[in-house]
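The values are calculated or read from the model by the stated rules, or taken from the named source; none is laboratory data. Predicted model, so just to flag it, every value in this text is computed and none were measured. Glycine gets a Cβ as well: all are built from the backbone with ideal geometry, and neighbour counts include every protein chain shown.
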Amino acid sequence: MSKLISKTLGSLLLIASCAAPLHAETLAEIYQLALNNDAQLKAAHAAFKAGKQSIPLARAGLLPTLTGGVVISDGDGDTRSFRTLNVPGNTLSEDTVGKEDSESEYYFLTLTQPLFDLPAWFTFKQGFDLDQQASAELAAAQQSLIIRVANAYTEVLRTSENLVTAKAEQRAIGRQLEQTKERFDVGLLAITSVHEAQAAYDDARVNTLEAESELDIAFEALEVMTGQTHTKLAGLSADFPIKPADLAGREAWVNFALENNFTLAAARLDMMAAENNAKAKRAEHLPTLSAQVSYANEHTDGTLSPDNGRNQPFSYDDEPLVFSVRLDAPLYTGGLVTAERKIAQQEFIQAQENLLYIQRSITQQARSQHLKVHTNSARVKARSLGIVSAQSALEATQAGFDVGTRNIVDLLISQRLLYQAQRDYANARYDYILSMLNLKEVAGLLSPDDIIKLNIWMKPELEVGKSASRVQL
């Protein structure tokens, strides 16, 4: 799964190295910065590395274990020994009281090999599921970063175009307000026309302020992923191609998504891991069998000092090598095994239902995103024609206003319709881009190659900057 990024990382680095720092940053450069600095992706990498330890962790239950230890002791204390001596024709008793001083060393090694342990076997199988799940989740996180970068980048371009049209609308209405005041001064228009033009201008001014704020907020959203401040981005070329989706291939996209979606794959592996865990917990009721080899070496030196005699030194040595087979059976554990078995079974059911939900969601998302691509491609064409129609309507309304057949309200409405058409056209283009990327993500096809292909249409000369650094129009 990690090849999803590594296969095109070199291309991204080449693109990033070719761009001068003083120029507007491109989509590829922003993506490269996000790869290096995004906290969510770094967290996903950490989770992936932790998940890759699932197999070694699970395998440990089937492999032999070797334990060893050393015990060194030095002690002294009072001692008393009593023994009975059988002598022919008589029975004698001996009672010795004194002090004992001893030093001992004890070394041991124990090798244990499981022979029959079903819980460990199912846990081992679960480890492979968790390992693959970690890979699927990392791939999903990598695709998520592509979507988040594309969303944040296009949001900057979207809000920038909205600001451009808002300022243009404000300028146009401002000129109209000046003309209206001049006509009012010479008695050609009533004061109500001035008020209506003034209200429209004030509203346009507020819209411009809101658009400036939204643009700066959109720039700041990039900083969340890159950890750096951005002031200039490359704009989208007007020649960016719009390709309609093939409606006949919708079910093919659905089937492909069901086979390749990484989120769905992770959920499927999570269910398999939960199933093996449930099997392991059920097997906890069974006995386990293990073989054991133990080696020890014990040496003790000491002195016994009886109260009624001279010191008596003593020494003890033992070096046993023991082979054993051990059978353990959980006869009663206070209900622990039964409770864990029930919990594992319910967790398996939970994972099954979660998989079913994600499968249904992926099916719905594949269909809806495919339809969105088709709809948005048609919207771009329709919005483009809408600009032509709105421009023609504005020119006709302006001519009617000049000869007195149309009033100021009609003219202001026509102007707003034109700028709204321009905003709708810009939004339709960005909606198309995002819907195509979302469709590929659902299908498991999204990769950094898509960033590179889209970056071709980002032109540094079409500079998009923060509102505070923009030339006031």
### Query
Which of (1) among the polar types (S, T, N, Q); (2) buried (at least 16 other Cβ atoms within 10 Å of the Cβ); (3) touching a Phe, Trp or Tyr at 6+ places or on another chain (Cβ under 9 Å) is the odd one out, the single condition Asn207 does not satisfy?
(3)
### Message
If I go through region 295-340 residue by residue, how many of them are over 28 Å from Thr67 (Cβ atoms) and modelled with pLDDT of 85 or more?
### Response
3
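Of everything in region 323-377 that's among the small types (Gly, Ala, Ser) and exposed (fewer than 12 other Cβ atoms within 10 Å of the Cβ), which residue is nearest to Asn427 (Cα to Cα)? It would help to see each step written out before you state the result.
Looking only at region 323-377, we keep the residues that are among the small types (Gly, Ala, Ser), and these are 324, 329, 334-335, 339, 344, 351, 361, 366, 368, 377.
Adding the requirement that they be exposed (fewer than 12 other Cβ atoms within 10 Å of the Cβ) leaves 324, 329, 334-335.
Details: Ser324: 76, Ala329: 68, Gly334: 64, Gly335: 62 Å.
Among residues in region 323-377 that are among the small types (Gly, Ala, Ser) and exposed (fewer than 12 other Cβ atoms within 10 Å of the Cβ), the one nearest to Asn427 (Cα to Cα) is Gly335.
Among the listed residues Ser414, Ser384, which satisfies the condition of being hydroxyl-bearing (Ser, Thr, Tyr) and farther than 23 Å from Ala238 by Cβ?
Values: Ser384 fails: farther than 23 Å from Ala238 by Cβ.
The match here is Ser414.
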### Message
Considering only region 224-237, I want to know if a residue exists there that is in contact with a strand residue (DSSP E or B) (Cβ under 8 Å, 6 or more places away or on another chain) and more than 21 Å from Leu454 (Cβ to Cβ).
### Response
yes
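I'd like to know if region 389-396 contains one or more residues that are farther than 19 Å from Ala152 by Cβ, within 36 Å of the chain's Cα centre (by Cα) and surrounded by fewer than 20 Cβ atoms within 10 Å (Cβ to Cβ). Spell out how you get there, then give the answer.
So in region 389-396, the residues farther than 19 Å from Ala152 by Cβ come out as 389-396.
Next, from what is left, pick out any that are within 36 Å of the chain's Cα centre (by Cα): none.
No, because not a single residue in region 389-396 is farther than 19 Å from Ala152 by Cβ, within 36 Å of the chain's Cα centre (by Cα) and surrounded by fewer than 20 Cβ atoms within 10 Å (Cβ to Cβ).
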### Residues satisfying the stated conditions in region 407-458, i.e. at pLDDT 90 or above and outside any helix (DSSP H, G or I)
Gly444, Leu445, Leu446, Ser447, Ile456, Trp457, Met458
### Query
Could we say that Leu321 is in contact with a Ser or Thr (Cβ under 8 Å, 6 or more places away or on another chain) and either of a type in the set (Phe, Trp, Tyr) or farther than 30 Å from Phe48 by Cβ (or both) here?
yes
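Out of the residues in region 132-185 meeting the condition of being of a type in the set (Lys, Arg) and more than 22 Å from Leu209 (Cβ to Cβ), tell me which one is modelled with the highest pLDDT.
Going through region 132-185, the residues of a type in the set (Lys, Arg) turn out to be 148, 158, 167, 171, 175, 181, 183.
Then drop every residue that is not more than 22 Å from Leu209 (Cβ to Cβ), which leaves 148, 181, 183.
Details: Arg148: 95, Lys181: 83, Arg183: 76.
Here the answer is Arg148.
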